[in-house]
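Undergrad: The following block contains the structure, expressed as structure tokens.
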Amino acid sequence: MTKVRNMISNNGNSIANQFEISTDEGVIFQSYNTIIAKIMNSGQVYLDENYWDYSVTTGKYRNIFLLEKKKETQSKIDSGEYILTDLNK
């Protein structure tokens, strides 16, 4: 079963065009019509190789989704903990 909801800001407000999609496989962060990140039930994190760092706004909500700052995300990409792939093919 798939459940889509708008992301919620730190102030508790619904954020337009920023979505968390819960699926049987895990949770997806989508900005507008583009998938940015996917956290699988196993804990494995996939980031879209073309859009994970697309803009300041995307980065802001990616950070909220992953519960970390860009520097931590980049470190996890560099170490191979996070996998870059095309999530929008």
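Undergrad: Taking only DSSP H segments of four or more residues, each worth -39500 (n - 2.57), what value at 222 nm results for the chain once the sum is divided by all its residues, to the nearest 500 deg cm²/dmol?
TA: Computed ellipticity for the chain at 222 nm equals -7000 deg cm²/dmol.
Undergrad: Kindly provide the GluC sites (Glu not before Pro) of the chain that DSSP labels as loop, not H, G, I, E or B, and whose Cβ sees at most 14 other Cβ atoms within 10 Å.
TA: Answer in residue order: GLU25, GLU49, GLU68, GLU81.
Undergrad: For the charge dipole of region 3-85, defined by +1 on Lys and Arg C-beta atoms and -1 on Asp and Glu C-beta atoms about the Cα centroid, which residue among VAL27, GLN74, THR57 has the Cα displaced farthest towards the positive pole?
TA: With unit charges placed on the Cβ atoms, the residue in question is THR57.
Undergrad: Note down the Stokes-Einstein diffusion coefficient of region 26-85 in µm²/s, whole number, using a Kirkwood radius over alpha carbon pairs, 20 °C, and 1.002 mPa s.
TA: Stokes-Einstein gives a translational diffusion coefficient of 190 µm²/s.
Undergrad: By counting other Cβ atoms within 10 Å of each Cβ, how are ARG5, ARG62 ranked from fewest to most?
TA: So the residues, fewest neighbours to most, are ARG5, ARG62.
Undergrad: Right, another one. Which order do ASP86, ASP24 fall in if you start with the one that has the fewest other Cβ atoms within 10 Å?
TA: Listed from fewest to most nearby Cβ atoms, that is ASP24, ASP86.
Undergrad: Here is a follow-up. Can you tell me the relative contact order of the chain? Whole percent, Cα pairs under 8 Å, sequence separation 6 or more.
TA: After rounding, I find 21 percent.
Every read-out reported here was derived from the displayed coordinates using simple, explicitly stated rules and does not represent laboratory data. All values derive from a computational prediction rather than experimental measurement. For neighbour counting, all protein chains shown are included, and Cβ atoms are generated from backbone atoms with ideal geometry for every residue, glycine included.
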